[in-house]
1. For an R0 of 51 angstrom, estimate the FRET efficiency from the Cβ-Cβ distance between residue 390 and residue 532 and round to the nearest 0.05.
2. Can you work out the FRET efficiency for the pair residue 380 and residue 447, with r the C-beta to C-beta distance and R0 = 56 Å, to the nearest 0.05?
3. Quick one: if you stick a label point 7 Å off each Cα along the C-beta vector at residue 398 and residue 499, how many nm between them?
4. If packing is taken as the average count of other Cβ atoms within 10 Å, what order do 445-456, 518-529 fall into, highest mean first?
5. Put 599, 271 in order of accessible area, largest first, 1.4 Å probe: what do you get?
6. Among 331, 457, what's the order by accessible area (1.4 angstrom probe), most exposed first?
7. Rounded to the nearest 10 Å², what accessible area does residue 583 have for a 1.4 Å probe in the complete protein model?
8. Just grab the label-to-label distance for residue 344 and residue 418, each label 7 Å out from Cα along the Cβ direction, in nm (one decimal).
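The values are calculated or read from the model by the stated rules, or taken from the named source; none is laboratory data. Every value quoted in this text rests on a predicted model; they were computed, and no experiment measured them. We place every Cβ from the backbone using ideal geometry, glycine too, and count neighbours over all the protein chains shown. These area figures cover heavy atoms from the full protein model, side chains too; ligands, DNA and RNA do not enter into them. Shrake-Rupley method; radii C 1.70, N 1.55, O 1.52, S 1.80 Å.
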Amino acid sequence: MCFKNRSFAILLLAVAVSCTQYKVVQKLASGQVAVGLAVPGDEDDAPDDIEAVIDSISGNLPEGPVIMNAIRDSETGEMVATDVINASKVTARFRNVSERAGYVSIGFDVTVPAALSRSAWKMELFPMLVLQEDTTGLESIYITGSSYREAQLRGYQRYNRFLESIITDSSDFVRIGQLEIFLARHFPQTYAMKTDSSFVSEPMAENLFGVTQYDALMHYKKKWKQNRNDRKIRRKGRMYARYIKDPIISDGVRLDTVLSDGTGFTYRYSHRFRSRPNLKKAVVFLDGRLYERGELILNMPRTDDMTFYISSLSTLADRTVKYKLSILERTVYDNTKALIDFEKGCADIDTSISDNASELLRIRKCLDDVTSREDLILDSLVISASCSPEGTYRTNEKLALSRSESVCKYISEYIPAQWKNSLKVACVPENWRQLRLLVRNDSVMSAADISAILRMTDDLKRPDQVEKLLETHPQYRYIREKLYPKLRAVSFDFYLHRAGMVKDTVHTTEVDTVYKQGLEALENLDYKRAVTLLRPYRDYNSALAFVSAEYNHSALEILQQLDTTDPKVCYLTALVLSRLGQKEAAKAYFRQSLLYAPHLRYRANLDPEMSMFQSEIEDEYL
């Protein structure tokens, strides 16, 4: 009778516990009980050179689990415990955060009430980050009940015992002792090789009963044991699913903590992400799942959104359009050169040799670009071929002129009729000037050879004699084979004027496109490019680019040369000085900025470097 009463009491207790858990699940599904998500209380920002890492230690403490905040020193790499974070009481749904050096850091508290902490449950929380139109999942938080974790570990233990029962040594499948007795009786020569390591081919001899050594081996094999072992190997996946219903996952998990039944929990979650152009806010919410005995029992309702409003120093940019003075000349000159190869002593164009086809195609495209412009009119196009010093000067002069005329005739087929009369020809019989330039910049010949060749070609009143003198130099073959071909070129000199323009020069202003690109880079958070483009201007925006890229000393150098009656200059100077630890000077510049623009005191709430002064200055305005 006593046993029956005890059994009945246990049954009633189990029913009561089950009903209680069911009611909690119902409340969780309806939103009456929920996981908390809130901004943390005000705290000093962590130093930039220290990475915050949060771990948890839980136990049967009266006050619940302890959340330990640790920091990793970037120089030593050591973890150093700093403090204990208490459960945050802040319930605000938004917070202002700042973008710095292209990154934004956000922090929020995840709170699990004691009512949701059940020993037989596991809760998976998935923080989601929304940036503009994109939603990204952050690292998950797992909160596991102690009995749930014990069940997980028991599953791993059972599966490991199953794996240990699988035989990996093939010798276990052969009755070695009985096989050796058989070989000693019927194959003594083979048995004698037991201690002989030399290689022998497989004996094919049979004993008197017609039994081979292979037959003997098959007879003494434990085939049934091997078959059973093979079945175990094939069942590994099925046994894993049977024993481990909910694997313990470590990848992509920020925290996996084990809690006792009825213990509340608060976790400080921090995340740093790359900012984007025009990013005004970041939204965070939580999704989650609830498990019991490895089975999903509830998809938890999504929490309310938490919004982080993002401020960027780029919003302080001065967007006034900058102009630059431009002097427009009536005449326009341009030129290009083509390496058109000719047969020796020949002036005919052959598109099948060297790179003639591609070079002529490039020239035709250049002509198309010029003739398609309505703002330019061609006055003349001078086509001038040049030769190398080989041969007499007079012969080279005739050859160069013939080659110029040949190219001119070819080009005239590809330009408008009204431009044909603008084509002119000229020639450079022997391009000594280009040769001297090539010799001077040559990296193969020695300095002594270069100096000697330049002396030989210094006086060109008699070029044929200079050529003969050059032939005596040891480097002449190199010059003839490597440098002479570069002298056989055709240059195209374009002389144009602007349509409708009468004066020789016109002074006008135009938008400074380089400065505009620098501002765009600043707005797009590409601070290194902004610094590169705006550096030469040394104005307010260039200082802002330096500040945004964390080049504070360079920024301060520029700011100290600007107008101190400009409120933005004063405010930015105060921000830089605050970064550099000069608090009193920063406060003085902040006060000065408010004299000209009182609204900047609201801006100080958005910048961590300035918020420390905001309350003190605010008292002065009240």
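1. With a Förster radius of 51 Å, E is 0.55.
2. It comes out at approximately 0.85.
3. 4.5
4. 518-529, 445-456
5. Order by accessible area, largest first: 599, 271.
6. 331, 457
7. Approximately 80 Å² of residue 583 is accessible to the 1.4 Å probe.
8. Roughly 4.8 nm, to one decimal.
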